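Written out below as C-alpha cells is the structure these notes cover.
The values are calculated or read from the model by the stated rules, or taken from the named source; none is laboratory data. This structure is a prediction, so every number in the text was calculated from the model and none was measured. Here the Cβ is made from the backbone with ideal geometry for all residues, glycine too, and neighbour counts use every protein chain on show. Accessible surface is based on the protein model in full, side chains and every heavy atom, while ligands, DNA and RNA are left aside. Shrake-Rupley method; radii C 1.70, N 1.55, O 1.52, S 1.80 Å.
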Amino acid sequence: MSTDALELRGLSVSYGGAPALTDVHLTVAAGEMVALLGPSGSGKSTLLHTVAGFHAPRAGEVWLGGQRVAAPEGGEPPERRGVAMVFQNYALWPHLTALDTVAYPARRRGLRRSQARAEAMAILERLQVAHLAHRRPSELSGGEQQRVGLGRALARQAALYLFDEPTAHLDTHVRGVFLEELLTRRRETGAAALYATHDAEEALGVADRVVLLAAGRVVQVGTPEEVYRRPVDVWAARLTGSASVLTGPAGEVLVRPEWARLGGDRTAQIADVWFRGPHSDYLLNTPDGRLLVREPGSPRHRAGDTVAWTLLESWALDGAPGRRGQESSNLAGPE
Amino acid sequence: MGVAALLVVVLPLVKMIRTAWLEGSGNLGDVVSRPGLGAAVTHSILLAIAVTALAVPGGALLAIALRRSDLPGRRLLLLGVLLPVLVPDFVLGYSWLRAYGGAGFTDDLLGVAWDGIQGPLGVTVVVAVNAVPLAYVVAAVGLAARAEPSLERAARAAGAGPVTVLRTITVPLLGPALAAASILVFVLTLGTFAIPQVMGAPTGFATVTTRIYANLSRSSDPAAFIEAILLALLLVVIAVVVVAPADQLLGPRLRATRTAATDPAATAGGTRKPGRWITATISGYLLLTVGLPLVALVATALTQAVGLSPTPSNWTLDNFRAVITVRNQEALGRSALLALAAASILVVLGGCVAALERTRFGRSTGTLVMLTFVLPGSTLAVGLLITYGRWLGDTALIILLAYLAKLWAFAHRPISGAVDRLPPDELSASRVSGASPLVALRTVVLRPLAPALVAAWLVCFLTALHEVTMSSLLYGPGSETFAVVVLNSAELGQVGRTSALSVLLTLLILAPAGLCWWAVRRLDLRPAPSSESVDVD
Amino acid sequence: MTIRRHGVRCAAILALALLSACGDGSSGGSGAKSITLYTCVDDTTIGPVIDAFKKANPGTDVELFRAPTGDLNARIAGDVRSGGLKADVVWACDPLTMADYTAQDLVGGWTPKTSIPADYRTDDYVGVAMLYLVAVTHDGVPVPKAWSDLTGPEYAAGVAIPDPSVAASALGGLGYFASSPDYGIDFYSTLKDNGATQVSTPDDVVTGVAEGTYDAGITIASSAYAAQTAGSPIEVSWPSPGAIGIYGPIALSKNASNATTAKDFISYVASKEGQTVLADSGSYPTLEGVSGPTKPAHARVVFPDWTALSTSKDDLLAAYQNLFGG
C-alpha cells in the first residue's frame, strides 16, 4: 500500500487562516500519471507545492515512496524529498546557462562539475536542445526555456515528477510538441507524475487518472473515460468539456455534444451555429432545453432552420448534490 | 531643464576649475604639499572602501533575512531597519559617542568604554551603520525584482539545501543589485561629512570633506581656500572615476532586470519554523546600533550637568529650556521652510523630468540627474559659494539652490520609476473614454503616481531637514539652519545642550515621517516606491 | 506633451512662490535699522544682550553670525574675497584677533564714550567682556596651586587644554605662557610630555574633566562655574600667578551699511545697562562697578602683553602646532 509513489492522507493546507486545501486523499501508484484538473484558485499549485515541501500542511500527511515526509508537526525539506518539478513560469535562473541549469541537480547529488555537465549535455541532446547549451534564459524562447526546465527535472532522477501547468505560458503551436516531448521522457523514466492543468483536453489526454479539484476539495477521481462520461455533477461535467442539460420526465440528464446528432425523429429549431474548423456546433432549442450538437464538416443549416435530431447517449444527474449520476437511456431514441 | 542643470551644476564646476587655475597656478605646489592633505585623501578613500565592505554585505543579509514572511515581528523589523535613515547622521555619530565613548552610557553603567570610537574605527563603524539601510533597500529591491521565490524553489526541488540555494542562486542573482549598492555606498561615503566631523575631527582624523570644511570655515589662509577648491574637485574626480566605468559595465544589466510582481508572502523556506534567532539577531543589532545610542542621547539631554550619572535623580529639562531660544526657533522654522520648499519644488521638477524622459529629447536629463547625485555635497557647496556667494551668500536662497541640485536625484528616481511602470494603455483608455488630457492626468495618472510622489517628497523633505554638509559651508548671518545649530553646538563641546538639540531635531524628523507613514497607509497607497527611491540603475 | 507643459507651468508658479517666500523670510540685513553682528561670544550671553538692545531701541534688528574665533576668521576672509566685510559690528573674544582685523583695515576708527578702564581700550575697539583662563579639576583630584603644578606627576593621568587655533581664550593663554619668563613655550612641551591632550574648545575641557576623562584642564571661568553650579563634579581654581585675563573687544566695521544703529549697539554693550545684562547672563563685564559671575575673593589676574603678542602670534601658533598638531 505505502509503496505508492505518493499518498496524501487527509491533507489540509491554509494560507494565513484561509483554507487552500481541505481533507485531500489521493494516491499515485508507481509509474502512474495523475492529472490535477481544476480552475485557477482550486488548489492545484498548492497541492504540488505541499508535496514538494514548500508549504507545510495544517492537517494530514504526505507520504512519498512509503516514507512520511510531511505532517503538521514538521517534515523533510524539499531537497530531501527526491521529487522533480517543472514550473509554470519556467523558474530558470537568469545567471546560469542551459547546461549549468540542467547540471545543477547532478551537482547537488555530489557529482563533479565535468561529470554533471556531461550528464546534462546528454539530457539536452535527448531533448534536442544541445545547441542551446551555452545560452542563458533571456536568450531562449518560451518553448526552449521550458525544455531546459524539463531537462533540469529529468536530471533530478526522481521517482515522482510534479508538473505545475508546464504548458500554460507556451504558445498554442509550441504546446503540443512540448507536451509530447514531456510525455515521452516521463514514460522513459518510468517515474510517477502529478500533472496540474486547467485544460481539460490536456488532462484527459495525458493522464492514467484524473483528479478534479474545486475550491481546495477533491470533487471526483477516475480514469479520463470515467470523469468524462460519468461526471458527478454539472460542474464536474463542464470542467471536463462541453455539456448540455436536458430536463426530461425522469429528471435532468447530461448530454455531451457528440452524444446527439442531426437527423432522426425529433425536431428542434436551431438557435445558433458556429463553424469550428474540423466540425460545426449547432445549438438547438428543444422542448427539454437547449442542446449543443456537434457534427463533422461545415455548417449545413442556418439559425432559424428547423431540423431533425437524435439522442445517442445521456447521463442522468440526480439533482441531489453529492449523489452519483447514472447511465440512463430512458431519453434515448429507439435507434 | 538643461539650463537649470547648467546653472546649479555645470557653471559652479567650471568656475571652480577656473578659480583653482587662476589663483592656484602660482602656488599649486605649496597647496598640494600642505601637511595632512595626502592623509585626508587616503582616509577618504580607505573609509569609503571599508564602509562599502561592511555595509553592503550587511544590507544584503538583512534583505535576505527579512524576506521571510514568517519571521516573528517582521513588520516592526522592517521599520526598524530603515530607522537609521531618519536619524540625522551626525546625531547618530554623536549618540554613539554618548553611548559607547569614554564617560558614555556603557562606561557609566558597566564600566565598558570603547577607546577607539573617536577616530578612524569609530567613524567607519558608524558610517557603515548609517549606510546599511541604503544597501538593504537596494538589495531588497534587487531581490524582489530578480530573485523570485520560484527560482529558489526550483533549486530546492533540484536537491539544494537552504545554504546551497543562498550560495548558488540568491547571491548570484543579487549580483547587479549588490554592485549598484556598492557604488552607491562608496560614493555617498566619499561625500560623507557629519560623522567624520563629529567623531573623527576631534582626534585629528581628517577626511577630504572635513578638510574642506576646516579650510573654508576654520582658516583665513588664502592657500587653504585654494586647497578647498582642489579637494572639492578631486572628490568629484574620484567619484566619477568609480561610478562611470561601473555604470557602463553594470548599467545595461541593471536596467534589463525584469520587475516581477513581488510576493511578500512567499518564502523559499522549507516547512520548518524559522529562527527566532534571526529576529533576535536583527533586534539586537538595531538595539546596539540605534536604540542604545538614542537612549544615551536622551539621557544626556535630560541629565542636569556633565559628569553626573544619567539616573532619574539627576534629570531635568534645563538643557531643553536652554536651547529653546528665539534664535534656535528661527533656525528651526528656516530649516522647515527650506525643506518644504526644496521637497515641493523637487517633486514638481522630478515629475517634469520623468515626463520629459519619455521623449527623445529628454533622454540626456537622466544622465545629468546622475551627475548631481555623484557630485559630493561639499563640492557642490564650494562651487555654489564661489559662483553665487557674492549675491546670495547671506541668504537661505543659496542653501535652497544647493538642496535643489543635490536632492534632484532623490526626487527623480522614484517618480521616474513609477512613470515607467505606468501602463501606457491606461492613459489611452481614459482618453478613449472621453477624458480630456488634464482630466486623464488627474483621474488615472496622478492616483497611481501618488505613492511615488509622496515618497519622493518625503525623502527630499527629510533629507533637506537634516542636511548639514552643504549648509555648514553655506550659511551666513540670518540663514543658519537647525542642523547647523546642532553641529556648531557639538563643536563647542556643550554636551547637554547638543544632546537636547539633537533630540529635538530627531523628533522634528520622526514626527512628519511618522505622520506621512500613517497617511500613506491610511490612503491605502502602497509605500513600495519609497523602497526604490535610492535605486541608482 | 500636455503632461509636460502642465508640469512646467506648475513648477514655475510653485518655484516663484516658494522662492519669494524664502527670500522674504531669511534675507535680512538691509532694513533701515537692522545690523549684522559677527561674534564669538557664547550663545547664553549674546542672546540676552541682543534682546535687551532691541528692547531698549525699538525697531532695530540684529542679524547674528556666531562662531568660534577660528570660524569667524574664515568667515571674514571669505567676505573679503567676495566683496568686503558684510558685518556692521564685530565682537571678538580676544584683542589679538581684533588687532588682526584693524590691521587689515576692516574695523575700527570709532569707539563709544565709556568709563571702561583704558587697559581694555584702543582707538579702534573697546573691551566689553572678560574671559578668565582658569584651571579645572575633577572632584578628588588635587587642586593646582600654580599653573606649573599641571606638569607634575599628580596630573600625569591627563590634562586637557583648548585649541588656540579654535578658541581665542586658548590663544591668549598661549600668549601669556609663551611670553612669561617663568613659563615660555617649554611649558607646553612639558605639559605634552606629562600626557596633556588638546581638545577643541574650553567647553570640551569642562566636559572632559567633569566626565572624568581628564583629571584636570585649562578652561574659561564662566564655562567652568556654569557646569559646577549645575552640579558637575569639578573644582575651579585660579592658580598663581593668576588667572589669565583676556578681554573681548567690540568694534565698528569700516564697511558698515548702517553705522548709526551699529554705533548704538556698541554704545549699548559698553554702557552700564548693557554690561549688567551681560554680567547677569554669566559673562564677566569690564566696566567697574558691575558685578559679574563667581570670582573668588583675592583672585589674582595676570594679563599678556597684547602689543608684543600681536607681532609674534603666527610664530607662537606655529611653535605650538609643532607640539600638538594643527
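Odds and ends about this structure:
- Scanning the range A:272-297 for residues that are open to solvent by less than 70 Å² (accessible area, probe 1.4 Å) and more than 21 Å from A:Glu252 (Cα to Cα) turns up A:Asp272, A:Val273, A:Gly277, A:His279, A:Ser280, A:Asp281, A:Glu295, A:Gly297.
- Checklist (1) touching a helix residue (DSSP H, G or I) at 6+ places or on another chain (Cβ under 8 Å); (2) assigned by TED's automatic domain parsing to the domain that holds C:Tyr101; (3) surrounded by 21 or more Cβ atoms within 10 Å (Cβ to Cβ) applied to C:Leu309, failing item: (2)
- Scope the range A:27-40; condition open to solvent by 10 Å² or more (accessible area, probe 1.4 Å), closer than 15 Å to A:Val218 by Cβ and either in a strand (DSSP E or B) or of a type in the set (Gly, Ala, Ser) (or both); matching residues: A:Thr27
- Pairs are defined by a Cβ separation below 6 Å, a sequence spacing of at least 6 or placement on different chains, a first member in the range C:295-323 that is touching a residue at least 12 places away in the same chain (Cβ under 8 Å) and assigned to a helix (DSSP H, G or I), and a second member that is surrounded by 11 or more Cβ atoms within 10 Å (Cβ to Cβ) and of a type in the set (Gly, Ala, Ser); the pairs so defined are C:Leu309/C:Gly175; C:Ser310/C:Ala99; C:Leu316/C:Ala178; C:Leu323/C:Ser189.
- Listed by position, the strands (runs of 3 or more DSSP E) contained in the range C:13-118 that have at least 3 residues being modelled with pLDDT of 85 or more and of a type in the set (Val, Ile, Thr) are C:34-39.
- Scanning the range A:199-228 for residues being in contact with a Phe, Trp or Tyr (Cβ under 7 Å, 6 or more places away or on another chain) and in a helix (DSSP H, G or I) gives a total of 2.
- Number of the exception - A:Arg109 against (1) modelled with pLDDT of 90 or more; (2) open to solvent by 10 Å² or more (accessible area, probe 1.4 Å); (3) at the interface with chain B (Cβ under 8 Å from one of its Cβ atoms): (1)
- Every pair of residues 6+ apart whose Cβ atoms lie under 9 Å, when the first sits in the range C:182-202 and is assigned by TED's automatic domain parsing to the domain that holds C:Ser148 while the second is surrounded by fewer than 20 Cβ atoms within 10 Å (Cβ to Cβ) and of a type in the set (Lys, Arg): C:Gln198/C:Lys192
- Filter result (of a type in the set (Val, Ile, Thr) and within 14 Å of another protein chain (Cβ to nearest Cβ)) within the range C:186-210: C:Thr197, C:Val199, C:Thr201, C:Val205, C:Val206, C:Thr207, C:Val209
- Only residues that are part of a helix (DSSP H, G or I), open to solvent by 20 Å² or more (accessible area, probe 1.4 Å) and more than 9 Å from chain C (Cβ to nearest Cβ) were counted across the range B:301-314, and they come to 3.
- Applying a threshold of 6 Å to beta carbon distances and a minimum spacing of six or more residues, or different chains, the list of pairs starting in the range A:67-90 at a residue that is facing chain B (nearest Cβ under 7 Å) and ending at one that is assigned to a strand (DSSP E or B) reads A:Ala70/A:Val62; A:Gly75/A:Val69; A:Val83/A:Leu160; A:Val83/A:Leu162; A:Ala84/A:Tyr161; A:Met85/A:Leu162; A:Phe87/A:Asp164.
- Against the test of being facing chain C (nearest Cβ under 10 Å), part of a helix (DSSP H, G or I) and either out of contact with any Lys or Arg (no Cβ under 7 Å at 6 or more places or on another chain) or open to solvent by 20 Å² or more (accessible area, probe 1.4 Å) (or both), the options B:Trp408, B:Trp391, B:Trp457 yield a single qualifying residue, B:Trp391.
- Candidate set: the range B:315-336, residues that are of a type in the set (Gly, Ala, Ser) and out of contact with any helix residue (DSSP H, G or I) (no Cβ under 6 Å at 6 or more places or on another chain); chosen: the one nearest to the other protein chains (Cβ to nearest Cβ): B:Gly333
- Output for the range A:79-89, where each listed residue is open to solvent by 30 Å² or more (accessible area, probe 1.4 Å) and assigned to a loop (DSSP other than H, G, I, E, B): A:Gly82, A:Gln88, A:Asn89
- Any hit, the range A:28-46, residues being without any contact (Cβ under 8 Å) to a residue 60 or more places away in the chain and at negative phi: no
Residues are listed down the side, and each one gets a yes or a no for (1) touching a Pro at 6+ places or on another chain (Cβ under 6 Å); (2) touching a residue at least 24 places away in the same chain (Cβ under 8 Å); (3) part of a helix (DSSP H, G or I):
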site: A:Leu96; (1), (2), (3): no, yes, no
site: A:Thr101; (1), (2), (3): no, yes, yes
site: A:Arg107; (1), (2), (3): no, no, yes
site: A:Ser114; (1), (2), (3): no, no, yes
site: A:Leu124; (1), (2), (3): no, yes, yes
site: A:Ser138; (1), (2), (3): no, yes, yes
site: A:Leu150; (1), (2), (3): no, yes, yes
site: A:Gln157; (1), (2), (3): no, yes, no
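- Number of the condition not met by B:Ser182 [criteria: (1) buried (at least 24 other Cβ atoms within 10 Å of the Cβ); (2) within 21 Å of the chain's Cα centre (by Cα)]: (1)
- Taking the listed residues C:Ala279, C:Ala259, C:Ala243, C:Ala251, the one that is away from chain B (no Cβ under 13 Å) and open to solvent by 30 Å² or more (accessible area, probe 1.4 Å) is C:Ala259, with no other qualifying.
- Looking only at residues in the range B:74-111 that are at pLDDT 85 or above and within 14 Å of chain C (Cβ to nearest Cβ), the one that is surrounded by the most Cβ atoms within 10 Å (Cβ to Cβ) is B:Tyr94.
- Applying the set (1) open to solvent by 20 Å² or more (accessible area, probe 1.4 Å); (2) within 14 Å of the chain's Cα centre (by Cα) to C:Cys40 leaves exactly one unmet item: (1).
- Per the conditions (1) open to solvent by 40 Å² or more (accessible area, probe 1.4 Å); (2) over 23 Å from C:Thr229 (Cβ atoms); (3) away from chain B (no Cβ under 14 Å), the sole criterion not satisfied by C:Asp314 is (3).
- Criterion: closer than 28 Å to B:Thr379 by Cβ, surrounded by fewer than 22 Cβ atoms within 10 Å (Cβ to Cβ), touching a residue at least 24 places away in the same chain (Cβ under 8 Å) and out of contact with any Leu (no Cβ under 6 Å at 6 or more places or on another chain) - qualifying residue of B:Pro196, B:Pro222: B:Pro222
- Qualifying residues in the range B:139-151 (those that are in contact with a Gly (Cβ under 9 Å, 6 or more places away or on another chain) and at pLDDT 85 or above) - the one nearest to the other protein chains (Cβ to nearest Cβ): B:Ala139
- Residue list for the range A:127-141, filter: within 14 Å of another protein chain (Cβ to nearest Cβ) and not charged (D, E, K, R): A:Pro137, A:Ser138
- Close pairs (7 angstrom Cβ cut-off, 6 or more residues apart or separate chains): in contact (Cβ under 8 Å) with a residue 60 or more places away in the chain in the range B:70-95, among the aromatic types (Phe, Trp, Tyr) anywhere: B:Val81/B:Tyr136
- Answer from C:Ala168, C:Ala178, C:Ala216 - the residue that is in contact with a Phe, Trp or Tyr (Cβ under 9 Å, 6 or more places away or on another chain), over 25 Å from C:His298 (Cβ atoms) and not assigned by TED's automatic domain parsing to the domain that holds C:Thr97: C:Ala178
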